[in-house]
Structure formats: C-alpha cells, structure tokens
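To start, the structure itself, in structure tokens.
Values quoted throughout were computed directly from the atomic coordinates according to the rules given, and no laboratory measurement underlies them. Keep in mind it's a predicted model, so treat the numbers as computed, not measured. Please note: Cβ atoms are built from the backbone with ideal geometry, for glycine as well, and neighbour counts cover all protein chains shown.
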C-alpha cells in the first residue's frame, strides 16, 4: 500500500475522460447497499425530527442551562467540514497548488452538501422551523426588523451567502466537465440531463477566456468566505460573555479547526472512491502528501489554540475562566476533552513519519479519528461552558436523548445520499483541470511546456 | 438560446487537429486573412488565449458592479432597518458601522459572485442548447478544432489551407 509521493504519471487527454466517465456507469450492488444504509439513517433522523415536532423540545436532551446541545454541535461541525472544500477549490487555486486538481471537485461537492446539512440544525434547534423566516429582514405590519448587531443574524447572512457562493462556484466549475459527459453519453436520459446542465458549452476560445477569467474572480471571492464564515460562526460564541467562549482567539482557532476537519473528511471520501473506481492514476500519493501537510499544519494551530486558552485562563487570573479550564479536563465531560486532545493533537503527529503517512489505510483511519476529535471539540466548547457559567445555582448537566442521536446519524445519511447521487450522475473528478496539468499534444515536442 | 453568436459567411469549414501547435499556426494565418473563426479545445490553454484573445475579459466589470451594489445593499439594509426599529443597547449608537460590517461584507461577496455568474452567461453566450456551429464531440475529448466562416467562393481555398496546416480531417457545414 505504501508508495512514493511523486507527481502523477502522465496520462493522455482521452484517458482522463475515460477514467472519470467510467465512474458514471450504472451503479453496482455496493453503491445500492451504501445508498440504502444512508437512506435508512436519513429515515431514522427524519422520524426523530417528526417526533420532536409532534411532542416538543423536551424529547431532546437540551435544558437550562445547556440550551445549545448536540444540534448546535452538529451545526458547527458540518459548517467546519464545508470549509476545506472552499479552501481546496479556491485558496489552493490562487496558490496554484498542484495537488488540489483531482480532489477539488469532490471537496466542493462536500462543501455544498455539508452546508446544506449544517443549515438544517439551526432550524431543528429552534423547535418551530416553520417560523424560520423570522430570521430574515422582511417588511411586516409592525415594522419589526432583526437586530443587525447580533452575531446570530450575522450567521444567517454568512451561512446563506456561503451556501449560495459555494454552490455557484461548484456549478460553474462543473459546466465544461458536464459537456464532456454530454458528448459521451449514450442513454436518452443522461444525454438530455447533461445537455441541459452543460448549458450548451462548446469550449470555444471566447468561452474559455471569459470562463477562466470569471473562475479566477470566483476563487478570489470565495477565499475571504473561507475566513469570514467560520469567524462569524465563532462569534456566535465569542461575542457572548460566557466563561470559555469570550475569547479573541476564537476566529482563527475555528477557521484552522474547520480546515483540519474538512481535509480529513476529504480523505475519508476520496480514499474509498479511489479504490472502488480505480483512480490510482489520477489520485496519487503526491496528492495525499499535500493533504497530510495541511492536516499537520492545522493540527499544530488547533493544539496551539487549546494551549493558549489554558494559558490565558491562568494568566488572566479570572476565577470563572480558571474554573472553566479546570472543569474541562477534570470535570463531568472530561472524556470529551481527553478524546479531543488525543484525536486532534496527539494522533495526527504520527503523520510526521513518512512510513505512516504514505500508508493509505492508515490515512483513512486517521481521517476518521480527526473527525471524531473535531466533533468532540465542538461538544467540549458548548457543553462545558454552558454547564458551568457564573452562578453555581445555574450549573447543570446533560443527558443525551435518542431523538438527538437519531437526528445526528440522520444528518450523515442525508449528506451521504447527496454525495452518492452526485458521484453517480456528475463527474466527481475535474476533467478539464486535470488536462491543464498535462503537456498538450505538440507536433514539435520541444515547444511543449 | 440566449444570444447565440452567428459566424459570418454561408458555410463553415471545420478542421479537426491533434496537435496544438498546428492549430495555433493555422489561426495566425486565418487572422492575417481577416476571416471569422472559432478555436475549440478540450482544455483552457494559455497558448490559444495569447493568439486568439489577448485582451482582458469584461467579466471583471460585472464582478465590480455586483460588489459595489452588494456593499451598498448590505450596509443600507442594516442601517435603514436599525433606524426604522431603533434598539438602544447600553449607549451604543443606533447606526453601529463595525457591527454592520459582517452583513455588508457578506452581501458584497454574494452580489459580486452572482454578478460574475451573470457575466459568464452573458459573455460565453450561455445557455445555447442548439446552435453549436461547427462543433464536434471530439473537441471535448482530445482534439482541437478550428472553425472558419466562409462564403461559397472561399470554400475550396480554406479547405485546402486547413488540410495543409495539419488538420486530420476537414469538413464543410452550414453556418446556420
């Protein structure tokens, strides 16, 4: 399994088409099994949600003082997952990082579907989702407007902008590749689907010129979103005067954590996909090496952020902060803290060893460990701080409910269903961008560059 | 069918090329003869861009306009809503620009991105589901295409030229 991390060997333009379009062939038993599993998980989640709608919020474990529970943990987790997609597709595009090419389409799809999943949780959490439109500034008879100084409203703007922009960026990137699928499609259904969704793209010189120019602008516009959206999500916490939350380190700490978990999720998705569809020629250890470097960097940043939080709690001499940061490693939720510390700080350090990071199976396991760690990080931030605020009379505890567990598992099913459908209907590896990496066919070979 | 672009002449001559340098040399000559042409390629290549369209794309104007509109909209919305329903918290001003910055910032990006999308559709003449003048499905795989608009009298000369310039295949079609 272990191989050298070199650049991918050269393939021809036609071979790239063949390899990627091969993924769009009619699904086999394994795909149906996975889809059925995701659908069952989704049904469990949907059933749990209906139960909560019918019986009220008491069926969820949230209480006073822990009024933000698993749902908000899941919201932050899924928004975080979404982030690395934009990082890989936009930021690394601007930096011309060659390792992004075969993975960025999947990362973008992951972004769009993860934001769709994240968007469900505030609606589920508010209890009466049919009033969700109250969040938006719309004219009404009492001239009531939302509070534009609230981070919760910033979040509405940030997440909805992020969903719209990342979806647009994703669709724009897909157009030339869908045209490739259109030209090779045989069935009437696929031919029609791809003809409509490719918008009649032909790849003439004017189209490419405007397209590449616009793509660069999209990358430039999406890049500040990578930083801004999770910063705004972090302000949901940091703007509140709660011990453990009210810290200026939160925005960079959240952004780094988001990239950390998102890159791990890309690995979780691309490793099995590469194996199942035989993409070893396109996704090589060179690409994994690039992702591992990102993981090591962001793991270092989150570890530094955790340490800074403890140091500042001690250095500030604020008794509430000091107690909070004693409670995290030694209090009721200590398992979450130490789990987080192991998964996010210690385990990724093994990737410094070349033998381990070039082992694809080990990388896959590590990606799952990191995602568990990042979920625990959000759990740790929300639960420990809310259960130990200022007044001991207001301290509280928390019991999970099956409804919350069902909705959490259901969200993975919902996300998985979208990913599986996308993989089977649209090119999940960027055909045209991989071709850009290859030397063009030249009669005069010396002119190729 | 939004704004599909016509080619001049009653016919088009389609040359299918395997090699990029062949098509680039042919384009240079076609440009000198001031004929209407399109180059199709399976991938964006800067060599083609330098020969065919060295000017800057006007998509940037759409992006800038969208960004300015979005910024005005975001800050305007927050300011007007706050003035219409003043919520006095501590002694903070009703129009709190730093607090409105996230909304203004997000709207700037949102509007700029949507305007860029409109820019692509406008300048790439999309959607154009039916009029693919001179297009061949091989142009999305591994072949380059040079399509030249031609009058009836020029047909033979252009066909001859494309063959000599290294085209694997030359074909004549109606210009639509």
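Could you check which residue among B:76, B:149, B:119 shows the biggest mean-square fluctuation in a GNM of chain B with a 10 Å Cα cutoff? Evaluated over chain B, the most mobile residue of the options is B:76. Distance from the alpha carbon centroid of region A:317-394 to that of region A:135-155 works out to 35 angstrom.
Within the P(r) computed for region A:242-396, what percentage of the Cα pairs occupies the region above 26 Å?
On the way: 3981 of 11935 pairs.
Of the Cα pairs, 33 percent sit more than 26 Å apart.
Values of log10 I(q)/I(0) for region A:355-449 across q = 0.13, 0.17, 0.22 Å⁻¹ run -0.84, -1.05, -1.19, by the Debye formula with one identical scatterer at each alpha carbon and no solvent. Legend: Rg and Dmax of region A:15-91, from Cα coordinates, 19.3, 60 Å. Ranked for footprinting exposure by Cβ neighbours inside 10 Å, fewest first, A:218, B:123, A:330, A:46 give A:330, A:46, B:123, A:218. The angle separating the long axis of helix B:59-84 from the principal Cα axis of greatest extent in chain B is about 20 degrees.
Roughly speaking, what % of Cα-Cα pairs in region A:157-231 are separated by over 14 Å, rounded to a whole number? Across region A:157-231, Cα pairs with separations above 14 Å total 66 percent.
Using the Cβ-Cβ distance between residue A:400 and residue A:191 with R0 = 45 Å, the FRET efficiency computed as 1/(1 + (r/R0)^6) comes to roughly 0.35. Judged by the mean number of other Cβ atoms found within 10 Å, the most tightly packed of the peptides A:101-108, A:276-283, A:369-376, A:292-299 leads the ranking A:101-108, A:369-376, A:292-299, A:276-283. Across the protein assembly as shown, the volume of the C-alpha convex hull divided among the residues equals 175 Å³ per residue. When each of A:301, B:94, B:48 is scored by the number of other beta-carbon atoms lying within 10 Å, the sequence from fewest to most is B:94, A:301, B:48. Based on the convex hull around the alpha carbon atoms, region B:105-147 presents an average projected area of 4.4 nm². Dividing the convex hull volume of the alpha-carbon atoms in region A:203-324 by its residue count gives 141 Å³ per residue. Distance between the C-alpha centres of region A:192-256 and region A:33-112: 16 Å, rounded to the whole angstrom. Here the calculated FRET efficiency for residue A:25 and residue A:293, from their Cβ-Cβ distance with R0 = 30 Å, stands at 0.35, rounded to the nearest 0.05. Here the contact order of region B:59-123, divided by its residue count and restricted to Cα pairs under 8 Å and six or more residues apart, works out to 59 percent.
Per-residue mean of other chain beta-carbon atoms within 10 angstrom of the beta-carbon, peptide B:32-44?
What the average comes to for B:32-44 is 5.
Projected over all directions and averaged, the alpha-carbon convex hull of region B:1-78 occupies 8.2 nm². The value obtained for region A:7-138, namely the Cα convex hull volume divided by the number of residues, is 197 Å³ per residue. Peptide A:111-118 has a mean shielding of 0, counted as Cβ atoms of other protein chains within 10 Å of each residue's Cβ.
Once both labels are positioned 7 Å from their Cα atoms along Cα-to-Cβ, the gap between residue B:92 and residue B:72 label points is 2.8 nm. Here the calculated FRET efficiency for residue A:94 and residue A:332, from their Cβ-Cβ distance with R0 = 56 Å, stands at 0.80, rounded to the nearest 0.05. Using alpha carbons only, the radius of gyration of region B:59-123 set against its Kirkwood radius gives Rg/Rh = 1.16. Peptide A:145-156 has a mean of 6 when you count, residue by residue, the C-beta atoms of other protein chains within 10 Å of its C-beta. Each helix, a run of at least 4 DSSP H residues, gives -39500 (n - 2.57); summed and divided by the residues of the protein assembly as shown, these come to -20500 deg cm²/dmol at 222 nm.
Mean-square fluctuations from a GNM of chain A, with a 10 angstrom spring cutoff on Cα atoms, peak among A:232, A:172, A:115 at A:172.
Measure nothing but the geometry: give the 0 to 90° angle between the long axis through the Cα atoms of A:104-126 and the longest principal axis through the Cα atoms of chain A, rounded to 10°. Taking the Cα atoms of chain A, the angle to A:104-126 is about 30 degrees.
Based on the Kirkwood radius over alpha-carbon pairs, what is the Stokes-Einstein translational diffusion coefficient of chain B at 4 °C with 1.567 mPa s viscosity, in µm²/s?
Values: Rh = 19.6 Å.
Estimated diffusion coefficient is 66 µm²/s.
Projecting label points 7 angstrom from Cα along Cα→Cβ for residue B:130 and residue A:133 puts them 3.8 nm apart.
Going by neighbour counts of Cβ atoms within 10 Å, the residues A:24, A:267, A:356 line up, fewest first, as A:356, A:24, A:267.
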